[in-house]
Amino acid sequence: MDFSDVIEAIKALSFEEKQEIQLLLQQYLREERRQEIYDNYKKAKLEEKNGELKFSANIDQLKQMMEE
């Protein structure tokens, strides 16, 4: 089943079923985003532990660090 098949199947659903799918998708997207944030947190903690994180209060230096 490809994306267009899914879209066509959704079109055929009742209004209430479409609303339920919308709620489920919103929940799934929130969960994925939370997992992404958590994964980034774990990565940052590991970088901190390994001394790979750099800090600066100098705006020019921060800009330069972002470009690296």
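A short reminder: the numbers here are calculations on the coordinates, not readings from a lab. All of these numbers come straight from a predicted model, not from anything done at the bench. Methodologically, a virtual Cβ is constructed for each residue, glycine included, from the backbone with ideal geometry; neighbour enumeration extends over all protein chains shown.
Details
- Cα-centre dipole for the range 1-43 with unit charges at Cβ (Lys and Arg positive, Asp and Glu negative), debye to 20: 360
- When shorter helices are ignored and each DSSP H run of at least 4 residues is given -39500 (n - 2.57), the per-residue value for the chain at 222 nm works out to -26500 deg cm²/dmol.
- Cα pair distances of the chain binned at 5 Å [whole percent]: 4, 13, 10, 13, 12, 9, 8, 7, 9, 9, 6, 1
- Take the Cα of E17, step 7 Å toward its Cβ, do the same at L46, and the gap between the two points is 4.3 nm.
- Positive dipole terminus of the chain, leading residue within G51, F15, Y38 (C-beta point charges): G51
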